[in-house]
Amino acid sequence: MEATPQSRKGSLTLFKLSGNKFRAQEQKLHLIQKVPYPSAVLDLHFHPVYGSTLGVVSSTGCISLYNLAEELVTSSHGDVGDSPFIYTLKHRVTHQVFSPETIITSFAWYWGTGDSNFTQSSSDLMACTTSDNFVYLVRLKWVVDSEQEYHYQFNILNNGQPINKHDLEAWCCTFSSEGVVYSGGDDGKIRATPLYRDPFDKKKDVERQEVARQTVFSGHGAGVTAILVLPLPSSPLGCTLLTGSYDDYVRVYAEYDFRPYVANTKPKVLVELKIGGGVWRLKFLQDYPISTESGANVKYRVLASCMHEGARILEVSGNQMGEWKIEVLASMKIHESMCYAADVRPLAMNPPLGWNETRLCVSTSFYDKLLCAWIFNPNTEAETPIEERGDGIPQ
């Protein structure tokens, strides 16, 4: 019996936010462009090196690339604020990487910092999770022809086979800077897959490291839907993670417990906090440098998309050798349906200089098609909505 083709449709919608960034009520959202997509868009991330390039994965096994191109404002653009320039989306390529029946549930670009197992060009390496429980490595290859035109190819590494498999749907993935792929699934587990060999050495394809550790993290009460690798000193024994789950909890999870008074060093939860709603995605509020001291106290701020409870700003603090703490600093509860995505405007500076700066955040919800831009002020307890739009977010 043949599978019924998917009928989902999606789009990419580009907005511009104009006005005084320090005064929430003086800002305005402008709809710039709406680009139809032939299937549902499940995930979107900007390239870690080429910042104007973004990757998109779909419900029909496709991966697409788009570019943000700057152009002069004309009358055809309508009301886009007072800037003479504007960005628009340009489609570059769409490639059928997996079968049309495969939903790509998430993807992550590899971006190594510090001592990395891979070369700088490995920023074109992607990890993908799929609805049929698998985790894959995909390589984006940029080819320049004789006329200096770019052509793009996507190749599934590991001889076209997955590098790991969950018992149920795989929902999320990320890389450590050392080249370990962490994936979360509906089976309530995190699976850590170490990689070896340079994926851009044509003589050596990426493979699973069969002899080394293949770690499985248990302890979640439901599906694991978000994973952040905390930027602590690297160790061959593993990383410390922040995880989100359907069970409403965020957790600091140690692959190896470094605390000197703990005898059992297997993967374990160091601290957990119930924040409600079902935690779908986690995002650092800014780039954090990797701590160089194993015992140094660290602090991170994280934007959480909590499906039934809107968005939260979290503060995660502790150190690799001691105890951890998670606090909720602020909440945006204007969403009345599933809050699946949120992001924050990048800072021009890293901590500690930018620690108390007012932040511009954007969150979206599904059934009500709502986009909300809002201000987080670290010096107050409440969040401040800027503007809501219900006509530009596709279902």
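Just so you know, all these numbers are worked out from the coordinates, no wet-lab data involved. If you're wondering where the values come from, they're calculated on a predicted model, not measured in any experiment. Because the Cβ atoms are built from the backbone with ideal geometry, glycine has one as well, and the counts that use them run over all protein chains shown.
Residue separation of residue 69 and residue 325 scaled by 0.36 nm, minus their Cα-Cα distance, works out to 87.9 nm of gained length. Neighbours of residue 124, meaning other residues whose beta-carbon lies under 9 angstrom from its beta-carbon, give a summed charge of +2 when Lys and Arg score +1 and Asp and Glu score -1.
Going 7 Å from the Cα of residue 92 in the Cα-to-Cβ direction, what parts of the stretch 123-144 have a backbone nitrogen less than 15 Å from that spot? Within reach of a label on residue 92: 123-126, 139-144.
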